[in-house]
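Note sheet for the following structure.
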Amino acid sequence: MKNSEIILNELDKMFPNPNCELKFNSPFELLVAVILSAQCTDKRVNMVTEELFRKYNTPKDFAEMPLEMLEKLIHSCGFYHNKALSIKKASKDILERFNGEVPSNFDDLCSLAGVGRKTANVMISEAFGGDAIAVDTHVLRLSNRLGIVKTDDPHKCEEALKKKFPKDRWSKLHFQLVLFGRYKCKAIKPDCKDCPFFSFCKEKKKSQ
């Protein structure tokens, strides 16, 4: 059996129904949450957005909100100034260029402030039900450890994953890798005990 097949089979056993851990009720709420999640835990983002989205949950709300007010509301997510600017600019673009609706097209998504390939791919797979692989720090780390790639470039990693795995598995695989990296194969002190990928893991020597 190929390593790629082992990865898919074992991840299905560990995480049969993986989901995005960010909480949202609309594509726009997800967009805001993903922007806030940069270098911040999903748990912290959910704590902030639970209160935030009760009062403000549309592009118009954020476009009209004073920058200082938004910064205060999202302060605990870190990098609040840049994130507030991105959210406001993206909200204005959605209103002015996309009739108030978050675009579902990859290039249109990437044209929004604060949105790169990773965020656009998360939106396509989670908000719009498309096939996409978002390469975050977990996915990049695991792709290298499992010998799928040998690169620090997220874009190259994304392309390699797309070639290696079936298109209809991309979105599910992304979330499975995120969960595996978050709870099992951590960046520091990975839990290698009983890992089904240990035989071909590039990090195994470091753990012995």
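Quick note: the coordinates plus some simple rules give every number you see, no bench work behind them. For clarity, every value in this text was computed on a predicted model and none was experimentally measured. Cβ atoms come from the backbone with ideal geometry, glycine included; neighbour counts cover every protein chain shown.
Output the pairs from Lys163/Lys189; Lys167/Lys202; Lys13/Lys172; Lys88/Lys172; Lys156/Lys189; Lys156/Lys202 with a Cα-Cα distance over 21 Å in this structure; if there are none, say none. Long pairs (Cα-Cα over 21 Å): Lys163/Lys189; Lys167/Lys202; Lys88/Lys172; Lys156/Lys189. Radius of gyration (Cα atoms) of the chain, expressed as a multiple of 2.2 N^0.38 Å: 1.08.
Which of the listed residues, Val32, His81, Thr119, is farthest toward the dipole's positive end in segment 27-127, when Lys, Arg count +1 and Asp, Glu count -1 at the beta-carbon? Farthest towards the positive pole: His81. Restricting segment 15-46 to trypsin sites (Lys or Arg not before Pro) that sit in a DSSP loop and have at most 12 other Cβ atoms within 10 Å of their own Cβ leaves nothing. When Rg and Dmax are taken over the Cα atoms of segment 27-127, they come to 12.2, 32 Å. Here the extension length gained between Thr58 and Lys89 equals 9.8 nm, from 0.36 nm per residue of separation less the Cα-Cα distance. Here the spin labels are modelled as points 7 Å beyond Cα on the Cα-Cβ line, and at Asn105 and Lys163 they lie 2.8 nm apart. Within straight-line reach of Lys164, meaning a Cα separation under 18 Å, sit the following aspartates and glutamates at least 8 residues removed in sequence or on another chain: Glu5, Glu10, Asp12, Asp131, Asp136, Asp152, Asp153. Projected label points at Lys189 and Asn9, each 7 Å from Cα along the beta carbon direction, are separated by 3.3 nanometres. Principal axis extents of the Cα atoms in segment 95-208, from largest to smallest and rounded to whole angstrom, are 56, 26, 22.
Result for the chain in a Gaussian network model with C-alpha springs under 10 Å: among Pro103, Pro196, Pro59, the largest mean-square fluctuation is at Pro196.
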